[in-house]
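The values are calculated or read from the model by the stated rules, or taken from the named source; none is laboratory data. Quick caveat: nothing in here was measured; it's all calculated off a predicted structure. Cβ: placed from backbone, ideal geometry, glycine included. Neighbour counts: every protein chain shown.
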Amino acid sequence: MIRITVTLDENERVRELSLKGHAGYAEYGRDIVCAAVSALVETAVLGLENVAKIRIFPVKKEGYFHLVLPENEQEEKLSKASVILETTVLGLKDIARTYPAYVKFETRRKGGV
């Protein structure tokens with residue numbers, strides 16, 4: 001199962017995105033759930049780097065992905081990043097709704113609030 005955790009800041013903007021695990025929907029190379037989640041997340045990284053112009057350093061390992069937006073970033077860049085990440089989250093939530101046995105989605109607030 002893929003566990004997706006999104007962390008929001010005090011302004012309800014996505015600041016962190018974390019994924020752990022494997023979908024297990026089908027064998028490796030044929031898992032459409034894993035492919036869909038991966039495509040959304042990789043596209044978000046491209047958008048953050050090339051559209052929002054934010055340097056991010058996502059951690060990518062087998063069965064693990066984590067990105068954090070930098071704390072000290074220009075408001076214009078954060079605004080673009082917010083649109084990119086909110087759109088990504090919509091897609092991830094939809095996959096979790098469609099394949100609930102394979103993807104779980106959780107939202108947290110920064111600082112545990």
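So that you can scan it fast, the table gives a plain yes or no per residue for (1) modelled with pLDDT under 95; (2) among the aliphatic types (A, V, I, L, M); (3) out of contact with any strand residue (DSSP E or B) (no Cβ under 6 Å at 6 or more places or on another chain):
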{"position": "Glu27", "(1), (2), (3)": "yes, no, yes"}
{"position": "Leu40", "(1), (2), (3)": "no, yes, yes"}
{"position": "Glu49", "(1), (2), (3)": "no, no, yes"}
{"position": "Ala52", "(1), (2), (3)": "no, yes, yes"}
{"position": "Val59", "(1), (2), (3)": "no, yes, no"}
{"position": "Pro70", "(1), (2), (3)": "yes, no, yes"}
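Scanning the stretch 92-107 for residues that are out of contact with any Phe, Trp or Tyr (no Cβ under 8 Å at 6 or more places or on another chain) and surrounded by 17 or more Cβ atoms within 10 Å (Cβ to Cβ), we see that the one that is nearest to Glu12 (Cα to Cα) is Phe105. Per the listing Pro70, Pro58, the residue uniquely under 13 Å from Val41 (Cα atoms) and either surrounded by 13 or more Cβ atoms within 10 Å (Cβ to Cβ) or small (Gly, Ala, Ser) (or both) is Pro58.
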